[in-house]
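**Student:** Quick one: the structure is below, and I'll ask about it shortly.
Only the coordinates and a few stated rules stand behind these numbers; no lab work does. All of these numbers come straight from a predicted model, not from anything done at the bench. Note that each Cβ is placed from the backbone with ideal geometry, even for glycine, and that neighbours are counted across all protein chains shown.
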Amino acid sequence: MRSPKDFFAPLAVGAPQPLRQIPVRPSRMIHFFDPGNEKMAAKIPSLAGKVDVLLGNLEDAVRADRKEAARAGLVSVAKATDFGRTQLWTRVNSLDSPWVLDDLSTLVTEVGDRLDVIMVPKVEGAQDIHYVDRLLAQLEARAGLTKPLLVHAILETASGVANVEEIAGASPRMQGISLGPADLAASRRMKTTRVGGGHPGYLVRTDPVGEDLAEGRTTYQQDLWHYTVARMVDACAMHGILPYYGPFGDIRDVVACEDQFRNAFLLGCVGAWSLHPVQIDIAKKVFSPAPEDVAWSRRVIAEMGDGTGAVMIDGKMQDDASVKQCRVVVELAEELAADDPELAAAYDAATKEIQS
Ligand SMILES: CC(C)(COP(=O)(O)OP(=O)(O)OC[C@H]1O[C@@H](n2cnc3c(N)ncnc32)[C@H](O)[C@@H]1OP(=O)(O)O)[C@@H](O)C(=O)NCCC(=O)NCCSC(=O)C[C@H](O)C(=O)O
Ligand SMILES: [Mg+2]
């Protein structure tokens, strides 16, 4: 572990100065595309400016014999596209794979100035982040980059979960962490076969009502990911970085996707992955605070004055702790609205309505 005194020192001569705070930019949906798939790549110019993050995926879901094509495709897309307000991220191959060294050296050298964040899969502990951190510093120095690349870890191994706090704090490059439920399920030897989402067999049942143990007992499906998401959120909050839910693989089931995303939002996540265009608007809706919640939060903040003491609003007690929650909602809403006039208008309309 680096001494706290050296934590913000560049790790290579000529590398850019590490950031002291993660830039606040909307990242409600991290939209995955395979840059070697011509049909998908052709859609990128029309998505740029409309989604918060476009991520050129080089890892799982890209066939082994298409890895080089995906990497080259991402270089072309990065050079040719005007991304506007949209961030460009990539997910490189895992650190034990034969491709990752070329992924990092090619991307940083050729399009390092276009990339914002590098997502690293299957992170097991701080040592994986330290390796990427030093290598990126060397590559940035050689490429003459002036802005440091940020790193995002996927939480998808049992050791990664056990070490999540040290991963979150491993480097000033750490931008955030996403849950990778499919690899995590395999790593934990869970008996699911899905990419995220729930499972009908993971449930609780009400007590028996009579002699017949099968009769009249309601079951409630439980969230398989609650523990991991909550732990990831705490680790990220502790280190001032951002937590995300990952993929929801049942593309057709837009209803359950919205539920899974909302659980993550309510627990503290700022976004989720979209794997298909149909999931983009779901993430945008879920990870933007609802206008009525923003209006209510503004009202609580206004009525609480300096934020101390206790007041009753519509029969509900408000105090220092509830006003802090309201500030979280309003700050996020205002950050998002600054980039989105439609959202800003919806927030203002709801605020006027609650005031009338
Ligand atoms: C899931 C898909 C394979 C589905 O693709 P397809 O069968 O082509 O779907 P559609 O026919 O409905 O597509 C309609 C059109 O939209 C384009 N399309 C599809 N997906 C995307 C996309 N992501 N971005 C841009 N455009 C997209 C299609 O080309 C069609 O175009 P057209 O014919 O011109 O109308 C596919 O969506 C897909 O591959 N998605 C990404 C999958 C992915 O990235 N997976 C990896 C992330 S999840 C993961 O890794 C697990 C995680 O790590 C963990 O461990 O949990
Ligand atoms: Mg994975």
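**Student:** Using Cβ counts within 10 Å as a stand-in for footprinting exposure, how do 232, 304, 312 rank, fewest first? Each step should come with its number before you reach the end.
**Tutor:** On the way: 232 30, 304 21, 312 9.
Starting with the residue having the fewest Cβ neighbours, the order is 312, 304, 232.
**Student:** With the convex hull built on the Cα atoms of the stretch 64-152, state its orientation-averaged projected area in nm².
**Tutor:** One quarter of the hull surface, i.e. the mean projection, equals 5.8 nm².
**Student:** Continuing with the same structure: With Kirkwood's inverse mean 1/r over C-alpha pairs for Rh, give me the Rg to Rh ratio of the stretch 243-356, two decimals please.
**Tutor:** Radius of gyration over Kirkwood radius for the stretch 243-356 works out to 1.04.
**Student:** Okay, next question. Over the stretch 267-324, what lengths in whole Å, largest first, do the semi-axes of the equivalent ellipsoid take, defined as the square roots of 5 times the eigenvalues of the alpha-carbon gyration tensor?
**Tutor:** Equivalent ellipsoid of the stretch 267-324: 33, 11, 8 Å, largest first.
**Student:** Magnitude of the Cβ-charge dipole of the stretch 62-217, K/R +1 and D/E -1, about the Cα centre, nearest 20 debye?
**Tutor:** The calculation lands at about 400 debye.
**Student:** Compute the separation of the alpha-carbon centres of the stretch 295-346 and the stretch 178-245 and state it in Å as a whole number.
**Tutor:** The stretch 295-346 and the stretch 178-245 have Cα centres separated by 31 Å.
**Student:** Still on this model: May I ask you to sort 81, 308 by Cβ crowding, counting other Cβ atoms within 10 Å and putting the fewest first?
**Tutor:** 308, 81
**Student:** I've got another one for you. Using +1 at the C-beta of Lys and Arg and -1 at the C-beta of Asp and Glu, which of 120, 22, 260 has the Cα lying farthest in the positive direction of the dipole of the chain?
**Tutor:** The Cα lying farthest towards the positive end belongs to 120.
**Student:** What's the magnitude of the charge dipole for the stretch 67-107 around its Cα centre, counting Lys and Arg as +1 and Asp and Glu as -1 at the beta-carbon? Answer in Debye, nearest 20.
**Tutor:** 180 debye
**Student:** What translational diffusion coefficient, in µm²/s and rounded to a whole number, does the Stokes-Einstein relation yield for the stretch 142-217 at 25 °C and a viscosity of 0.890 mPa s, taking the hydrodynamic radius as the Kirkwood radius over Cα pairs?
**Tutor:** 152 µm²/s
**Student:** What is the dipole size for the chain, taken about its Cα centre, with +1 at each Lys and Arg Cβ and -1 at each Asp and Glu Cβ, in debye to the nearest 20? List each step's numbers first, then the result.
**Tutor:** Numbers: 38 positive and 49 negative charges, 166 e Å.
Computed charge dipole of the chain: roughly 800 debye.
**Student:** Using a 10 angstrom cutoff on alpha carbons, build the Gaussian network for the chain and name the most mobile of 41, 295, 338.
**Tutor:** Looking only at 41, 295, 338, the largest GNM fluctuation is found for 338.
**Student:** At what distance in nm do the modelled label points of residue 162 and residue 217 sit from each other, each positioned 7 Å from its Cα along Cα→Cβ?
**Tutor:** Each label point lies 7 Å from its Cα, and together they span 3.5 nm.
**Student:** Report, please, the projected area of the stretch 115-167 averaged over directions, based on the convex hull of its C-alpha atoms, in nm².
**Tutor:** Its Cα hull, projected and averaged over all orientations, spans 3.5 nm².
**Student:** Calculate, in whole percent, how much of the Cα-Cα pair population of the chain lies beyond 35 Å.
**Tutor:** Beyond 35 Å sits 28 percent of the P(r) for the chain.
**Student:** Still on this structure, I have one more. Can you find, among 167, 187, 148, the residue farthest towards the positive end of the dipole of the stretch 132-188? Put +1 on the C-beta of Lys and Arg, -1 on that of Asp and Glu.
**Tutor:** 148
**Student:** Give me the compactness ratio for the stretch 188-255, meaning the Cα radius of gyration over 2.2 N^0.38 Å. Walk me through the numbers before you get to the answer.
**Tutor:** Numbers: Rg = 16.7 Å, N = 68, 2.2 N^0.38 = 10.9 Å.
Dividing the Cα radius of gyration by 2.2 N^0.38 Å gives 1.53.
**Student:** Roughly what angle does helix 126-143 make with the longest principal axis of the chain, taking Cα atoms, 0 to 90 degrees, to the nearest 10?
**Tutor:** On a 0 to 90 degree scale, this one is about 50.
**Student:** Under 37 °C and 0.692 mPa s, how fast does the stretch 44-192 diffuse according to Stokes-Einstein, given a Kirkwood radius computed over C-alpha pairs? Answer in µm²/s, whole number.
**Tutor:** Result for D is 208 µm²/s.
**Student:** From the C-alpha gyration tensor of the stretch 1-77, pull out the three semi-axes of the equivalent ellipsoid (sqrt of 5λ each), sorted largest to smallest, in whole Å.
**Tutor:** Taking √(5λ) for each Cα gyration eigenvalue gives 32, 18, 11 Å.
**Student:** Just to confirm the number: angle between the C-alpha axis of helix 67-80 and the first principal axis of the chain, 0 to 90 degrees, nearest 10?
**Tutor:** That works out to roughly 80 degrees.
**Student:** May I pose another question? Can you give me the Rg/Rh ratio for the stretch 305-352, using Cα atoms for both radii and the Kirkwood formula for Rh?
**Tutor:** With Rh from the inverse mean 1/r over Cα pairs, Rg/Rh is 1.08.
**Student:** Further, regarding this structure: When a footprinting reagent is the concern and you count Cβ atoms within 10 Å, what order do 273, 99 take, fewest first?
**Tutor:** By the 10 Å Cβ count, ascending: 99, 273.
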